[in-house]
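Read-outs throughout are calculated quantities, based only on the coordinates presented, and are distinct from any laboratory measurement. All of these numbers come straight from a predicted model, not from anything done at the bench. When we count neighbours, we look across all protein chains shown, and the Cβ atoms used for this are built from the backbone with ideal geometry, even at glycine.
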Amino acid sequence: MTMKKTDFSGIMQSKVTWAVIAEALILLVCFLIRPDFFSISYQPSTGMLYGSLIDIVNRSAEITIISMGMTLVIALGGTDLSVGALVAVAGAIALKFLRWDVLTYTTPGDYTVYPYILVLGVPLIVCALMGLFNGFLVAKGGIQPIIATLILMVCGRGIAQILTDGKQFTTGYSPFRIIGQGSFLCLPMPIIITVIVVIAVALFTRKTAFGAFVESVGVNPSASRLSGIKAGSVILIVFMITGLLSGIAGLIYSSRIMSNDSNNAGLNFEMDAILAVVIGGTNMAGGRFSLAGTVIGSLIIRTIVTFVYYFGIVAEATMAFKALIIAVVIVLQSEPVRRYFAKRSALRQARSGGAK
Amino acid sequence: MPGKNILEMKGITIQFPGVKALDGVDFSLCEGEIHSLLGENGAGKSTLIKCLTGVNRMDEGKIILDGREIHPTGPGNAIELGISAVFQEINLCPNLSVAENIFVGRQPMKHGQIDWNEINRRAEELMSRFHLDIDVTRPLSYYSTAIQQMTSIARAVDIQAKILILDEPTSSLDENEVQLLFTVMRQLKESGMGIIFITHFLDQIYAVSDRMTILRNGHLVGTYNINELGKVELVTKMVGKDMDVIFSLKRAEVKDGAEIVLKAEHIGDASKINDISLDLRKGELMGFAGLLGSGRTETAEMLFGATKTVRGDIFIDGEKIEIKQPFDAIKARLAFCPEDRKRDGIIGDLSIRENIMLAVQSRKGFMHPMTRQEQEELADKYISILGIVTPDCEKKAGELSGGNQQKVILARWMAANPKVLILDEPTRGIDIGAKAEIQRLMLEMCKDGVSVIFISSELDEIIRCSTRIIIMRDREKVAEVDGSTCTQQDILRIIAEGAA
């Protein structure tokens, strides 16, 4: 009777399956309303592919990148609220190095005051250190992640303001433009960066034992420690990765607008990232995580937003509409619903098996 | 003696996907009876109880309570019907007072407000019926597990339950507390309540029960009067095969001149341990005896780096080592199966494979991962060596029965190929068949040259297996005796009097 819960070997039980189905359904609706929704065209002048689908993936880049880290944080049983603020910090630092002193360098143009390597490197390092700070509070201070990261969520934007004297800098430096607006292999650069990040995180967690350690600590920290896992180090690394990824997302975001925006850059990104992870099937209580699910989750969120824009639903209704669809997806993924479908498919199988 | 039947369960069948958890089981309970429900882990005891409390829905059979057929739909409904259950894991609110816990959800009211005086007065009255003179306004967490358990029972008494189910109530109680519980149980029995008692301790069954019902693999073996069946017969019926194994176990022997593997000199910490010294030889099995809180577990935790050692030195193979965290201990080839399997041992949501490979992997560090194939080979190897009952190594460890979970943890450490294995209550809460298995494995490892430290509250186990026994009392080692010559009485006397 060790088999109290039988695995319904059907994939209908997997949350990722439901996320994929949800995404497919939303796209199908788009297709039915506007058959040209799926069309992709090549623009020789920019050397890039254009189309709604490309746009969805492109625009979801920041959330996808951040939610790779968020997946690990949530798998540890925590949340990181500071990611949105770190996006603003990264943008502020990058623009600071590009323009330095707006009074001296009065007009934005195709130049950078400090070497480009600093423009990109310093924001990433600072964000990684801020992530490390979060991790330190959690691992060594024993503070709950949601509280520990609240600190940087609140003061991160303040730091960004201070760095830029509360001003909004703009730049015209063309190498910087490439990050958010350039292209590679006919695809927008953010997509390329996202793919690299996703692959890198997937390799790091699944080709080493790091993913297993994260899941283990997420399920049972005490037992993991007694099995020799240095839970503290795992937590530090995870928060640092999340900080670093928020930095990358911040660079993409500010390159898109070629400016810094301490108030609005990355606003509510933490919520979207958490949502992407949850839609992707990773449990908020920690444990098993699915990076693939998170990618789908992020795409679903962006598809909904695109859908709203594309079909001219009034802007005021956007948030409500988004909430509605997400509610449906989450209910579809809930335990009772999945059980119900699993049971039905098991029954159907049993019946067809009996008929033979 | 027992009066008329108050509960009858007939032909209970419960089908879980792929397996019949219960197959046509009959069970009956009389007024004023203590009825033990017995069986190995996974025999269907809990399933039967869950069926009675409405947690599991039965596929066939009927339940008749006081001559009326009932269909409990859930624990709340069961309580309304007069069926109250007290589980091993106490389901009360530790932050509420004892009195609040007893009356939560049905507080007596006065002028539209909760009548606190009445609550506290009645709670005191109830607890004093159990000879417990305690301050019922203190939060529940302030009191010992025993008192917490009594609080659950008091709640059941106050709602005038006809049937009280006690699921492993004694597993975390000490001897005095068990006696107190028994007194209460007898009192309740006198008042006509029917009690269903589930425990792994055979002595306790004989101490309080009137009848017993034995289940095996979801089938009913039989219902017997308590004087009808001796212990050996009982165990035979539970396990379904003759139980000579446990009596044929041979004590771990140490060769003359075997080198000392682990040596601790005057180790201690701030509060839990004063001064412990010991030396463990190769292939030796050392028992730690003593009461709960005497320092048995705390010593093991210090040796393994789970808690900090403040004073003293630890040597492995004659070399002094610093153990600051479990990782250091694992590096030095120490292994530790902790007492609280659920909290500190098993990682429930992960598969058996991952649970087994964990210690090996953590010693290697995450940058040197084992391949999936290596992990599977390792897991399959120990699943077959230890006889872990599972369809495959991908099953969630948390879904296994207690005995099998313990084997998974044992496998985790055996896979790490330790020099010293510390087992803290490895046989607690698992059935007798699995107990014998674990003891056999332990002794076999000693034969292979592993040194084992064995902590148990059950003295007969310790005496049966140990080469030497260290007796602890009040956070100190008070004596060291030879396992082959000492008796339970000797050890109890030392524990009581504090000297050899």
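See the values below:
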| read-out | value |
| --- | --- |
| Whole-Hz couplings from phi, Karplus 6.51/-1.76/1.60, listed for the range B:137-142; x for Gly and Pro | 8, 6, x, 4, 5, 5 |
| Distance in nm between pseudo-label sites at B:V55 and B:Q113 (7 Å out along the Cβ direction from Cα) | 3.9 |
| Check: the protein assembly as shown dipole with +1 on Lys, Arg Cβ and -1 on Asp, Glu Cβ, in debye | 2300 |
| Amide proton proximity set for B:G222, modelled H, under 5 Å, gap of 5+ | B:I214 |
| For the range A:117-227, size of Cβ-based charge dipole, Lys and Arg +1, Asp and Glu -1, in debye | 80 |
| Length gained when the stretch B:E322-B:Q179 is fully extended (0.36 nm per residue, less Cα-Cα span) | 47.1 nm |
| Sparsely packed GluC sites (Glu not before Pro) within the range B:297-363, loop by DSSP, other Cβ within 10 Å at most 15 | B:E322 |
| Cross-link pairs beyond the 26 Å C-alpha cut-off, checked among B:K364/B:K477; B:K272/B:K320; B:K255/B:K324; B:K308/B:K447; B:K320/B:K477 | B:K364/B:K477; B:K255/B:K324; B:K308/B:K447 |
| Cβ-Cβ FRET estimate between B:T145 and B:N225, R0 fixed at 22 Å, reported to 0.05 | 0.10 |
| Coil-residue chymotrypsin sites (Phe, Trp or Tyr not before Pro) of the range B:134-209, DSSP, other Cβ within 10 Å capped at 16 | B:F201 |
| Per-peptide average of other Cβ atoms within 10 Å, ordering B:462-469, B:229-236 highest first | B:462-469, B:229-236 |
| Chain B: antiparallel DSSP beta bridges as a percent of all, rounded to 5 | 55 |
| All Cα pairs of the range A:57-290, percent lying beyond 30 Å | 24 |
| Per-residue average of Cβ from other chains inside 10 Å of B:365-373 | 4 |
| FRET efficiency, 1/(1 + (r/R0)^6) with R0 56 Å, evaluated for A:T104 and A:R348 via beta carbons | 0.15 |
| Dipole axis of chain B (+1 Lys, Arg; -1 Asp, Glu on Cβ), positive-most option in B:F366, B:T309, B:N101 | B:F366 |
| P(r) histogram, all alpha-carbon pairs of the range A:265-356 included - 10 Å bins from 0, percent | 15, 35, 27, 15, 6, 1, 0 |
| Under 5 Å, built H, 5+ apart or other chain: amide partners of B:V450 | B:G283 |
| Cα-based radius of gyration of the protein assembly as shown once divided by 2.2 N^0.38 Å, which approximates compact folds | 1.11 |
| Residues with amide H under 5 Å from that of B:A289, placed H, sequence gap 5 or more | B:I470, B:I471, B:M472 |
| Cα-projected label distance for A:Q43 with A:I192, points at 7 Å along beta-carbon direction, nm | 1.7 |
| Kirkwood Rh (inverse of mean 1/r, distinct Cα pairs), the range B:111-222, angstrom | 15.6 |
| Per-residue [θ]222 nm for the protein assembly as shown (sum of -39500 (n - 2.57) over DSSP H runs n ≥ 4, rounded to 500) | -15500 deg cm²/dmol |
| Spacing of the two label points (7 Å from each Cα toward its C-beta) at B:K250 and A:D36, in nm | 8.9 |
| Mean Cβ count within 10 Å, highest first, over the residues of peptides B:126-136, A:291-301 | A:291-301, B:126-136 |
| The range B:374-483 - Debye-derived log10 I(q)/I(0), Cα point model, q = 0.14, 0.16, 0.24 Å⁻¹ | -0.60, -0.76, -1.44 |
| With Cα atoms, 0 to 90° folded angle of helix B:372-386 axis to chain B main axis | 70 |
| Karplus 3J(HN,Hα) series, Hz, for the range B:352-359 with 6.51 cos²θ - 1.76 cosθ + 1.60 (x for Gly, Pro) | 4, 4, 5, 4, 6, 7, 4, 5 |
| For the range A:309-327 versus the range A:136-151, the gap between their alpha-carbon centres in whole angstrom | 34 |
| Radius of gyration, Dmax [chain B; alpha carbons; angstrom] | 24.3, 80 |
| Spatially proximal aspartates and glutamates relative to A:K322 (Cα-Cα < 14 Å; intrachain offsets below 8 disregarded) | A:E23, A:D272 |
| Cα-based reach from B:K342 at 19 Å (exclusive), listing lysines while leaving out same-chain residues under 8 positions away | A:K4, A:K5, B:K395, B:K396, B:K407, B:K435 |
| Cα centre as origin, Lys/Arg/Asp/Glu Cβ charges: the range A:57-290 dipole, Debye | 380 |
| Most fluctuating residue given options A:V277, A:V329, A:V102, as computed from a GNM of chain A linking Cα atoms under 10 Å | A:V102 |
| Sorted by Cβ density within 10 Å, fewest first, the residues B:V420, B:V98 | B:V420, B:V98 |
| Contour excess over end-to-end distance, with Cα ends at B:K342 and B:V104 and 0.36 nm allotted per residue | 82.9 nm |
| Highest-first arrangement of A:85-91, A:105-111, B:265-271, where packing means the average Cβ count within 10 Å | A:85-91, B:265-271, A:105-111 |
| Under Karplus coefficients 6.51, -1.76 and 1.60, residue-wise ³J(HN,Hα) of the range B:430-436 in Hz, glycine/proline x | 10, 6, 5, x, 5, 4, 4 |
